[in-house]
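Trainee: Let me give you the structure first, and then I'll get to my questions.
Bear in mind that the values in this text are calculations on the coordinates, not laboratory data. Fair warning: this is a prediction, and the values are worked out from it, not measured in the lab. Cβ atoms come from the backbone with ideal geometry, glycine included; neighbour counts cover every protein chain shown.
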Amino acid sequence: MKDVFILSEVREGKIHPVTYELLAWGRFLTDKLKGTLSALVLGDNLEDQLEELIFYGADKVEFFKNSELEIFNVENYSKVLIPFIKEKNPEIILASATTRGRTIMPYLAGKLKTGLTADCTHLDIEEDTGLLLQTRPAIGGNVLATIKTPEHKPQMATVRPKGKKPLLKDKNRKGEVIIHNINENFSSRTKRLDLKRREEEISLSDAEIIISGGKGLKNPQNFYLLFDIAHLLGGAVGASRSVVDMGWIEYSHQVGLSGKTVNPKVYIAVGISGAVQHLAGMINSENIIAINKDPDAPIFQVSDLGIVGDAIEILSLLKRKLEERKKRNV
Amino acid sequence: MRIIILIKQVPATDKVKMDEETGTMKREEVESVINPLDLYAIEAGLQVRERIKEDIEIVVISMGPPKAKEAIKEAISMGCDKGYLLSDKTFAGADTWATSFTLSTFIKKLGEFSIIFTGERATDGETGQVGPSLSAQLDLPILTYVSKIKEIGKDYIIVEREIEEGTEVVFSSLPCVISVIKAISEPRLPTLAGKLRAREREIPIITLKDLGVSERDVGLLGSPTRVVKIFYPKLSREGIKIKEKNPERAVDIIIKFLEERGIL
Ligand SMILES: Cc1cc2nc3c(=O)[nH]c(=O)nc-3n(C[C@H](O)[C@H](O)[C@H](O)COP(=O)(O)OP(=O)(O)OC[C@H]3O[C@@H](n4cnc5c(N)ncnc54)[C@H](O)[C@@H]3O)c2cc1C
Ligand SMILES: Nc1ncnc2c1ncn2[C@@H]1O[C@H](COP(=O)(O)O)[C@@H](O)[C@H]1O
């Protein structure tokens, strides 16, 4: 039997929606392999969320329950996962390319001596061999590589969030939920002492819409405009490297080769020239809007909608119009 | 106390040429630099030493072709004490598993240490997998995405990590592996004294024979992954560019675009 596993992403006691994207990939691959798709979940009181995973495409949910698994911990998680993976010998394991997935997956692959492909944007099954074909960008987005793990099992990949739409939720789908009560004496050498939540702000990697600013914003105060607009649109604020280096905005907002990689539904680049290092972080956005006063800025070559004009003037007006809209709607 | 810093030499530009037959990079043809994100790992190591004021030896390790020695020398000129270059024809073509295996085999031989610092990821392969994989192979705790060292003692460390929900404060026993992000601190520049020191410092070359492992466990042969195809994505899009004198109309076009995509 060809098993495909996905590692569910649990954040603060909730199954995070990136998990449904993994299930969509998992379903696509599992159907080609004619196998079984299992969603692995680690945590504590998650029972009432498990059926969702079946509605979104899983054949089986394997829930590993223990209060010590409530908070992501590499050592505790791998203590549970490694024996299970060794016993079931799945063909493929997928996780999201989030801070959790990008930490636990290479750790597991290191222990299991198998291949792991990072940050995949496309997955497929090779027809004659049944092997997983993993496609990913690298070298600042200048190259796409397709990678295989020909002789080791499981074949492992982290998958870039927002790369695939979840399947439609189907409440009639049937599947099996298996609860493993874990009676392990965890003795991890690391422990979370505290979590300082970033309130309200939507993280760049989760946002449907991102509005980013560069030097064309002229001064740091103008970033308030971006924050206001992001708030009105329900999105997040990004920045180019130069403004982060000048201290206009914190590093956590930096998009690009040495910052975050994002792929929202819409990316609005304001006053950003579009150096290849910045493009590397946002080129996979579904739609790109560029606002720049220089008609020859490289950013226009990658934008779906380019507006040549003054950033501040356009932003101020955009903010006002969005506010008016909001008032009308409430 | 000893601190280990792992650095990789990477092509200075991202216009790397690829060998389409083997899926490897043509590293010889381009100028190389220390992976820019590894400078932050070096800085983190140097700052720990300044903070503890103890006798701490800072050792830089890199795996790469002979010219990766330059990267190690640069790290020494920034203040690191010494370096080793793991270099052997058989190491070439290593994926993240084989790289971590080779590095961890050498680290085990090196003896005791408190922390291994790595960069968040290398700007060529861009996987960020070597740190966590190495920690698994050394059976050590791993702390990724570390933005700050809050406290450090003889046998423990408390750091801040940036995760999707916010900033996590995490305790770990030492020794451990830490991958740092840029927020950790701006890297310092090499000093003149450092450059002189680096010029004189011998960089031992470690080969397959020194590691005492099989050729089949390192480099391309030891790599579970294979690049089967390389292609160049088209960067440009067939977008529309509007030169709109009237900002009012420009904003209406943006709003309509957002409506059509279901954002509004
Ligand atoms: C676009 C792309 C994406 C990739 N994605 C992944 C991935 O997701 N997961 C993964 O595990 N692997 C990945 N790899 C690695 C891949 O599987 C191969 O192992 C890789 O192609 C080897 O490529 P390279 O060009 O870096 O090889 P090389 O240039 O040979 O370099 C590989 C490593 O060996 C070192 N090296 C080279 N020559 C020597 C020498 N004489 N002595 C000592 N060391 C030496 C290099 O410095 C480098 O650290 C990726 C590679 C590419 C090109
Ligand atoms: N060949 C190498 N030699 C030494 N350190 C490396 C090597 N490859 C990767 N690293 C370290 O691992 C980190 C992550 O690299 P990567 O997983 O290749 O993105 C880098 O920032 C380095 O600190």
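Trainee: Could you work out, residue by residue across B:19-29, how many beta carbons of other chains sit within 10 Å of that residue's beta carbon, and then give the average as an integer?
Mentor: So the per-residue partner count for this stretch is 1.
Trainee: Per the helix-only calculation at 222 nm, which mean residue ellipticity applies to chain A, given -39500 (n - 2.57) for every DSSP H run of n ≥ 4 and division by its residues, nearest 500 deg cm²/dmol?
Mentor: Numbers: 8 runs with 91 residues, N = 330.
Value at 222 nm, helices only: -8500 deg cm²/dmol.
Trainee: Which one of A:Y251, A:V308, B:S172 is farthest out on the positive end of the charge dipole of the protein assembly as shown, using unit charges on Cβ (Lys, Arg +1; Asp, Glu -1) and the Cα centre as origin?
Mentor: A:V308
Trainee: Given the options A:H278, A:P295, A:G235, identify the residue whose Cα lies farthest towards the positive end of the charge dipole of the stretch A:209-329 (+1 on Cβ of Lys, Arg; -1 on Cβ of Asp, Glu).
Mentor: A:G235
Trainee: Determine the dipole magnitude for the stretch A:4-181: charges of +1 sit on the beta-carbon of Lys and Arg, -1 on that of Asp and Glu, nothing else is charged, the reference point is the Cα centre, and the result goes in debye to the nearest 20.
Mentor: With only Lys, Arg, Asp and Glu charged at Cβ, the dipole is about 320 debye.
Trainee: Bin width 10 Å, alpha-carbon pairs only: give the P(r) of the protein assembly as shown as whole percents, running from 0 to the bin holding the largest distance.
Mentor: 3, 17, 27, 27, 18, 7, 1, 0
Trainee: Something else: Counting just the Cα atoms, what span does chain B cover along each of its three principal axes? Round to the nearest Å and put the largest first.
Mentor: 67, 47, 39
Trainee: Along each of its three principal axes, how wide is the spread of alpha-carbon positions in the stretch A:66-112, in whole angstrom units, largest first?
Mentor: The principal-axis extents, from largest down, are 27, 23, 15 Å.
Trainee: Where the only charges are on Cβ atoms (+1 Lys, Arg; -1 Asp, Glu), what is the dipole of chain A about its Cα centre, to the nearest 20 debye?
Mentor: Using Cβ point charges on Lys, Arg, Asp and Glu, chain A gives about 200 debye.
Trainee: Excluding A:S273 itself, what net charge comes from residues whose Cβ is under 10 Å from its Cβ, given Lys and Arg +1 and Asp and Glu -1?
Mentor: Neighbourhood net charge equals -1.
Trainee: Next question, about the same structure. Using the Cα atoms of the stretch A:30-183 to build a convex hull, what is its mean projected area in square nanometres?
Mentor: 9.8 nm²
Trainee: Over 10 Å intervals from 0, what percent of Cα-Cα pairs in the stretch B:53-170 sits in each interval?
Mentor: For the stretch B:53-170, the binned pair fractions read 11, 39, 39, 11, 0 percent.
Trainee: Greater than 20 Å separation of Cα atoms is the criterion. Which listed pairs, A:K79/A:K165; B:K8/B:K82; A:K164/A:K196; A:K293/B:K241; B:K8/B:K67; A:K326/B:K256, meet it?
Mentor: Beyond 20 Å between Cα atoms: A:K79/A:K165; A:K164/A:K196.
Trainee: Determine which residues of the stretch A:1-45 fall in the zone a paramagnetic label at A:R197 would reach in this model, i.e. backbone nitrogen under 15 Å from the point 7 Å along Cα→Cβ.
Mentor: Counting only backbone N, you get A:11-16.
Trainee: Moving on. Taking the square root of 5 times each eigenvalue of the Cα gyration tensor, what semi-axes in Å does the equivalent ellipsoid of chain A have, largest first?
Mentor: 38, 22, 19
Trainee: Using a 10 Å cut-off around each Cβ, can you sort A:I314, B:I178, B:I152 from fewest to most neighbouring Cβ atoms?
Mentor: Least crowded to most crowded, the residues run B:I152, A:I314, B:I178.
Trainee: If amide hydrogens are placed 1.01 Å from N in the peptide plane, which non-local residues have theirs closer than 5 Å to the one on B:I242?
Mentor: Under 5 Å from the amide H of B:I242: A:G306, A:I307, A:V308.
Trainee: For the residue pair A:K321 and A:N45, what label-to-label distance in nm results when each label sits 7 Å from Cα along the Cα-to-beta-carbon direction?
Mentor: 4.7 nm
Trainee: By average Cβ neighbour count within 10 Å, what is the ranking of A:218-225, A:322-329, A:305-312 from highest down?
Mentor: So the order, starting with the most tightly packed, is A:305-312, A:218-225, A:322-329.
Trainee: Using a 10 Å cut-off around each Cβ of peptide A:144-154, what is the average number of partner chain Cβ atoms that fall inside?
Mentor: The per-residue average across the peptide is 5.
Trainee: Please check: in the Gaussian network model of chain A (C-alpha springs, under 10 Å), which one of A:I92, A:I202, A:I179 has the largest mean-square fluctuation.
Mentor: It is A:I179.
Trainee: Take peptide B:247-260, look around each residue's Cβ out to 10 angstrom, count Cβ atoms belonging to other protein chains, and average those counts.
Mentor: Partner-chain Cβ atoms within 10 Å, mean over residues of B:247-260: 6.
Trainee: Hey, another quick one. Amide H to amide H, which residues 5 or more places from A:L195 or on other chains are under 5 Å from it, using H placed in the peptide plane?
Mentor: Result for A:L195 returns B:V169.
Trainee: Arrange B:S223, A:S96 by Cβ neighbour counts within 10 Å, fewest through most, would you?
Mentor: Placing the least packed residue first, the sequence is B:S223, A:S96.
Trainee: Also, I was wondering about something else. Stretch A:E176-A:E151 to full length: gain in nm at 0.36 nm per residue minus the Cα-Cα span?
Mentor: Numbers: separation 25, 0.36 × 25 = 9.00 nm, distance 3.07 nm.
Contour length minus Cα-Cα distance gives 5.9 nm.
Trainee: Tell me, what ³J(HN,Hα) does each residue in the stretch B:239-244 have, in order and in whole Hz, if you take phi through Karplus 6.51 cos²θ - 1.76 cosθ + 1.60 with θ = phi - 60° and put x for Gly and Pro?
Mentor: x, 10, 10, 10, 9, 10
Trainee: Using 5 Å bins from zero, what percent of all Cα-Cα pairs in the stretch A:220-327 falls into each bin?
Mentor: 2, 13, 22, 26, 23, 10, 3, 1
Trainee: Still on this structure, I have one more. Helices from chain A with mean Kyte-Doolittle at least 0.0 and a Cα length along the axis of 18 Å or more, per DSSP H: which?
Mentor: The qualifying helices are A:18-33.
Trainee: Under unit Cβ charges (Lys, Arg +1; Asp, Glu -1), what dipole magnitude, rounded to 20 debye, does the stretch A:209-329 have relative to its Cα centre?
Mentor: It comes to approximately 400 debye.
Trainee: If you rank B:T24, B:T123 by fewest surrounding Cβ atoms within 10 Å, what's the result?
Mentor: With the fewest neighbours first, B:T24, B:T123 line up as B:T24, B:T123.
Trainee: Which residue, chosen from A:L317, A:L29, A:L46, occupies the Cα position most advanced towards the positive end of the dipole of the protein assembly as shown, where the dipole is computed from +1 (Lys, Arg) and -1 (Asp, Glu) charges on Cβ about the Cα centre?
Mentor: Checking the options against the dipole of the protein assembly as shown, the answer is A:L317.
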